[in-house]
1. Here are some conditions: (1) under 14 Å from LEU26 (Cα atoms); (2) out of contact with any strand residue (DSSP E or B) (no Cβ under 8 Å at 6 or more places or on another chain). GLY45 meets all but one. Which one does it not meet?
2. How many residues does the range 78-111 contain that are crowded, with 18+ Cβ neighbours inside 10 Å and in a loop (DSSP other than H, G, I, E, B)?
3. How many residues does the range 55-76 contain that are in a helix (DSSP H, G or I) and surrounded by fewer than 19 Cβ atoms within 10 Å (Cβ to Cβ)?
4. Look through the range 35-54, keep the residues that are within 20 Å of HIS85 (Cα to Cα) and among the β-branched types (Val, Ile, Thr), and return whichever of them is surrounded by the most Cβ atoms within 10 Å (Cβ to Cβ).
5. Looking at GLY13, GLY42, which is the one that is out of contact with any His (no Cβ under 7 Å at 6 or more places or on another chain), at pLDDT 85 or above and more than 18 Å from VAL131 (Cα to Cα)?
Amino acid sequence: MDEILEVCVEVTGIPHALAGIIRDCLEINWGAFGTKSRRLKGHTGAVYSVAWSRDGRLLASASEDGTVRVFDSELEFKTIVVLRHPLAVNAVAWSPDGRVLASGGDDKIVRLFDVGKNFEIMHRLSGHQRVVRS
């Protein structure tokens, strides 16, 4: 049985959707009692963090492979963008309005991406003394 490292629940879009991290992929379960499921692949290292956008359409994941992947639930969870970091990415989160995606990792920098501008980087927040984990 696979070890589940983190769980994120989506409450507004897909009914009863749950995303769980299992090693180097994400397991998505939805429908009553999790009757449907899919594994989302693409990362080449362990996945450390996962977050749904507020509207439930997009799912972001952060990985030790130095990438953030954004999956679109309306496109059968196709990867729509891969955001690269020089080192492992430990955390990913959406702003409350869904316009900004934040990620942070082993390079001690938090990056803010503008969702409306095709995930163009808006800011790099540096100065952290240690790796960013949350």
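1. Tallying (1) under 14 Å from LEU26 (Cα atoms); (2) out of contact with any strand residue (DSSP E or B) (no Cβ under 8 Å at 6 or more places or on another chain), GLY45 fails exactly one: (2).
2. Going through the range 78-111 one residue at a time, the tally reaches 4.
3. Going through the range 55-76 one residue at a time, the tally reaches 2.
4. VAL47
5. Answer to the selection: GLY42.
Here is a yes/no grid of residues against (1) touching a Leu at 6+ places or on another chain (Cβ under 8 Å); (2) within 14 Å of SER134 (Cα to Cα); (3) in contact (Cβ under 8 Å) with a residue 40 or more places away in the chain; (4) among the acidic types (Asp, Glu):
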{"position": "SER49", "(1), (2), (3), (4)": "no, yes, yes, no"}
{"position": "LYS78", "(1), (2), (3), (4)": "no, no, no, no"}
{"position": "VAL82", "(1), (2), (3), (4)": "no, no, yes, no"}
{"position": "PRO86", "(1), (2), (3), (4)": "no, no, no, no"}
{"position": "VAL92", "(1), (2), (3), (4)": "yes, yes, yes, no"}
{"position": "ARG111", "(1), (2), (3), (4)": "yes, yes, no, no"}
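The values are calculated or read from the model by the stated rules, or taken from the named source; none is laboratory data. Values in this document were obtained by computation on a predicted structure and should not be read as measured data. Positions of Cβ are generated from backbone atoms using ideal geometry, with glycine treated the same way; all protein chains shown enter the neighbour counts.
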